[in-house]
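Novice: Supplied in structure tokens, the structure appears directly below.
The values are calculated or read from the model by the stated rules, or taken from the named source; none is laboratory data. Quick caveat: nothing in here was measured; it's all calculated off a predicted structure. Cβ coordinates were reconstructed from backbone atoms using ideal geometry, including for glycine residues, and neighbour counts include every protein chain displayed. All accessible areas refer to the heavy atoms of the entire protein, side chains included, with ligands and DNA or RNA removed. Shrake-Rupley method; radii C 1.70, N 1.55, O 1.52, S 1.80 Å.
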Amino acid sequence: MPSSSRSPAPRTRAAARAREQRRARRRRAVRGLAVGTAVVCALALVVAGTVWMIAPPGGDGPQAPSAEANPDDPGLLDRAQLANARTIIGVGRPTGVGREGMIIALMVALQESTLHNLDHGDRDSVGLFQQRPSQGWGTKRQLQDPRYAARAFYGVERGSDNRGLRQIKGWRTMTKNDAGQRVQRSAYPHAYAKWEALATALYDRERRAPIIR
């Protein structure tokens with residue numbers, strides 16, 4: 001028989017090569033799709049994380065930075081916080097506690113409420129200083145008046161049965177944290193110290209707040 005009976009072999013090898021090339025192209029396509037999908041997912045996570053930081057779930061839009069974001073910068077506080085800080089300083093100016101006493105009051109209010117006039121808190125605590133009606137500080141309504149709350153903290157509010165800063169013997173020789181703790185009697189006695197830098201900068205910025213009597 002003529003040798004033409006062997007002629008299909010080259011065609012068979014060519015077909016095999018073509019099949020292998022098609023498989024290789026498919027594998028490359030699958031790998032490319034997987035890489036592309038991973039990149040898209042990563043970008044989506046980055047975008048989602050950025051959106052969450054700007055507007056956390058449950059929020060109403062971009063949020064004012066927390067005071068804790070930079071403990072030395074009063075400019076990160078919102079208008080309500082700054083207004084409450086001015087009230088604390090304005091009440092403190094005629095009390096005789098001086099710069100140090102007003103910084104202590106700001107430290108305490110930053111820790112207890114981040115300078116927000118809260119209508120809730122631990123147990124029956126309310127207001128800027130989280131003072132408790134059940135502990136003789138005043139009524140809930142009184143304690144949600146920032147002026148009353150500040151006077152009670154300084155110890156110049158007759159309606160409060162608790163000792164304020166002016167009644168703490170030797171408070172001027174204590175650390176600011178310890179002086180604040182002697183007034184507050186908090187379960188976290190060292191928590192006020194971390195706010196001293198912000199409270200000091202805040203006082204220096206707002207020290208000319210109008211006097212409140």
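Novice: Just a yes or no: is a residue in region 132-154 under 30 Å from GLY75 (Cβ atoms), open to solvent by 40 Å² or more (accessible area, probe 1.4 Å) and within 19 Å of the chain's Cα centre (by Cα)?
Specialist: Pass one, region 132-154, residues under 30 Å from GLY75 (Cβ atoms): 143-154.
From what's left, open to solvent by 40 Å² or more (accessible area, probe 1.4 Å): 144-145, 147, 151.
Still in the running and within 19 Å of the chain's Cα centre (by Cα): none.
Checked region 132-154: no residue is under 30 Å from GLY75 (Cβ atoms), open to solvent by 40 Å² or more (accessible area, probe 1.4 Å) and within 19 Å of the chain's Cα centre (by Cα).
Novice: Looking at region 100-131, which of the residues that are without any contact (Cβ under 8 Å) to a residue 60 or more places away in the chain and of a type in the set (A, V, I, L, M, F, W, C) is most open to solvent (accessible area, probe 1.4 Å)?
Specialist: Only one residue tops the list, namely LEU118.
Novice: Tell me which of these GLU206 doesn't satisfy, since it passes every other one: (1) of a type outside the set (A, V, I, L, M); (2) under 13 Å from ASN84 (Cα atoms); (3) free of Cβ contacts under 8 Å to residues at least 60 places away in the same chain; (4) touching a Lys or Arg at 6+ places or on another chain (Cβ under 6 Å).
Specialist: Evaluating GLU206 over (1) of a type outside the set (A, V, I, L, M); (2) under 13 Å from ASN84 (Cα atoms); (3) free of Cβ contacts under 8 Å to residues at least 60 places away in the same chain; (4) touching a Lys or Arg at 6+ places or on another chain (Cβ under 6 Å) leaves (3) as the failure.
Novice: Given the structure, is MET107 assigned to a helix (DSSP H, G or I) and under 18 Å from PRO210 (Cβ atoms)?
Specialist: The answer is no for MET107.
Novice: Can you spot a residue in region 91-99 that is of a type in the set (A, V, I, L, M, F, W, C), more than 21 Å from THR173 (Cα to Cα) and free of Cβ contacts under 8 Å to residues at least 40 places away in the same chain?
Specialist: No.
Novice: Is it the case that region 191-207 has a residue that's in a helix (DSSP H, G or I), within 17 Å of SER125 (Cα to Cα) and hydrophobic (A, V, I, L, M, F, W, C)?
Specialist: No, that holds for no residue.
Novice: Output the residue which, of all residues in region 175-210 that are of a type in the set (Gly, Ala, Ser) and within 19 Å of the chain's Cα centre (by Cα), is surrounded by the most Cβ atoms within 10 Å (Cβ to Cβ).
Specialist: Here the answer is ALA199.
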